[in-house]
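These notes concern the structure reproduced below.
The values are calculated or read from the model by the stated rules, or taken from the named source; none is laboratory data. A quick note: this is a predicted structure, and the numbers were derived from the prediction, not measured. Reconstructed Cβ throughout: ideal geometry from the backbone, glycine too, with neighbour counts over all protein chains shown. Side chains are part of the model used for accessible areas, which takes the heavy atoms of the whole protein and leaves out ligands, DNA and RNA. Shrake-Rupley method; radii C 1.70, N 1.55, O 1.52, S 1.80 Å.
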Amino acid sequence: MPEKPTSSRPQPRPQSGDDQPAADGPQLTVSALPVSGLPVSALSEGELLARIFPRLAMEGTHGAATLLGPGDDAAVIAAPDGRTVISIDTQVQDQDFRLQWPSGYETTGFDVGWKAAAQNLSDINAMGASATSLVVSLTLPPDTPVGWVEDLADGLTSGIRDLGAANCSVAGGDLGRGREISVTVAVLGTLDGGPAVLRSGAKPGDTVALAGTAGQAAAGLALLESTIPLETLSAELRGLAELQSRPRPPLAAGPAARAAGATAMLDISDGMLRDGLRLAAASGVAVDLHPGALERLKDVLRPAAEHLHADAGDWVLGGGEDHGLLATFPSGTLLPAGFTAIGSIQALGINERPVVTIAGRSADTGGWDHFAH
């Protein structure tokens, strides 16, 4: 997997004692280490925050919505149209990511920070809104290297900036101690005076469209979980693994879909079929997917499927964490840039339940379930 470009990382402000451990920290074997090589237990909470805050400064400025950022007991966030869109998500070590994968790849703090930003920004995107602020709760084992935490802060800010959330910044957060790394992010957003796009508005005859990728993050997960060394793979296959570690939700697509009159929309985080069924159930309809569109999505994944002796279709239909958007539009609507038609909405017959079908045939919903895996 390519290393993160150093040019994209905010440069930390100099800290006093950068080359020495904290006064009350270990003084024997670690005394010659730079602070980034020390465990977080060697620093006080204040000293650790002093190394994190400069990395969250978004090059010295916050978004207009963040009236008061890190440093006080609470942040102050503006809500210009009187409403705030809010979502929250958590990543837990060995549940949502591994520090060391069977393929040999080591998850960096940058990866975890980027993914924490991406998955939360995607939830706001799915409402047709734009993110304005994040707050972060970080739980760390005492032996976590300080440098890993610094990289996490860099990943957060780089994810926000590089994914295109231009008006968003980190407004504050919390630090705690625990047995494994846990990163919880709450994200706030604005609809800029417009209506939210819900899951419940799809109507018979609507076009079903996809923005972003489908199945590629699942293929990347399979490659990371494989015992085939990642460094031996082609650049194309390593790119899939990178997409699992650093998803790229299409953040411009959500507001564009709302402006184009999208009737329903949601983030594909748990698989196209499982999330498609959620949309179908909320709207009281059937979601019918077109086989040709699904085949085109599979084509991108065939090299990885052949390499792992897997079924690319399982990744497209059941794989999550690409954080693409599944949206519905009135028939005849010119789809906004980034969206591709992949199906249609069908009415339910008497006593029929909401369902996802492929060319009229019922499909196994599959997908990710946090309590079934």
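Okay, here's what the table says:
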quantity: Selection status of Val170, in contact (Cβ under 8 Å) with a residue 12 or more places away in the chain and over 24 Å from Leu279 (Cα atoms); calculated: yes
quantity: Filtered residue count, region 126-141, keeping only those that are assigned to a loop (DSSP other than H, G, I, E, B) and among the hydroxyl-bearing types (Ser, Thr, Tyr); calculated: 0
quantity: Selection status of Gly319, farther than 23 Å from Ala218 by Cα, modelled with pLDDT under 95 and not aliphatic (A, V, I, L, M); calculated: no
quantity: Residue list for region 265-277, filter: over 23 Å from Ile350 (Cβ atoms) and either assigned to a loop (DSSP other than H, G, I, E, B) or touching a strand residue (DSSP E or B) at 6+ places or on another chain (Cβ under 8 Å) (or both); calculated: Met265, Leu266, Asp267, Ile268, Ser269, Asp270, Gly271, Met272, Leu273, Asp275
quantity: Some residue of region 327-336 being closer than 26 Å to Ala116 by Cβ and at pLDDT 95 or above; calculated: yes
quantity: Filtered residues of region 234-248 (kept if under 14 Å from Gly212 (Cβ atoms) and open to solvent by 60 Å² or more (accessible area, probe 1.4 Å)); calculated: Arg248
quantity: The lone exception for Ala218 - which of (1) in contact with a helix residue (DSSP H, G or I) (Cβ under 8 Å, 6 or more places away or on another chain); (2) within 20 Å of Met272 (Cα to Cα); (3) open to solvent by less than 10 Å² (accessible area, probe 1.4 Å); (4) in a helix (DSSP H, G or I) it fails; calculated: (3)
quantity: Residues (buried (at least 21 other Cβ atoms within 10 Å of the Cβ), under 19 Å from Phe53 (Cα atoms) and either touching a helix residue (DSSP H, G or I) at 6+ places or on another chain (Cβ under 8 Å) or aliphatic (A, V, I, L, M) (or both)) located in region 154-180; calculated: Asp154, Gly155, Leu156, Thr157, Ser158, Gly159, Ile160, Cys168, Ser169, Val170, Ala171
quantity: Only one of Asp123, Asp111, Asp81 that is open to solvent by 20 Å² or more (accessible area, probe 1.4 Å) and not in a loop (DSSP other than H, G, I, E, B); calculated: Asp123
quantity: Verdict on Thr184 being among the polar types (S, T, N, Q) and outside any helix (DSSP H, G or I); calculated: yes
quantity: Single condition Ala252 does not satisfy, out of (1) buried (at least 21 other Cβ atoms within 10 Å of the Cβ); (2) under 22 Å from Ala131 (Cα atoms); (3) within 19 Å of the chain's Cα centre (by Cα); calculated: (1)
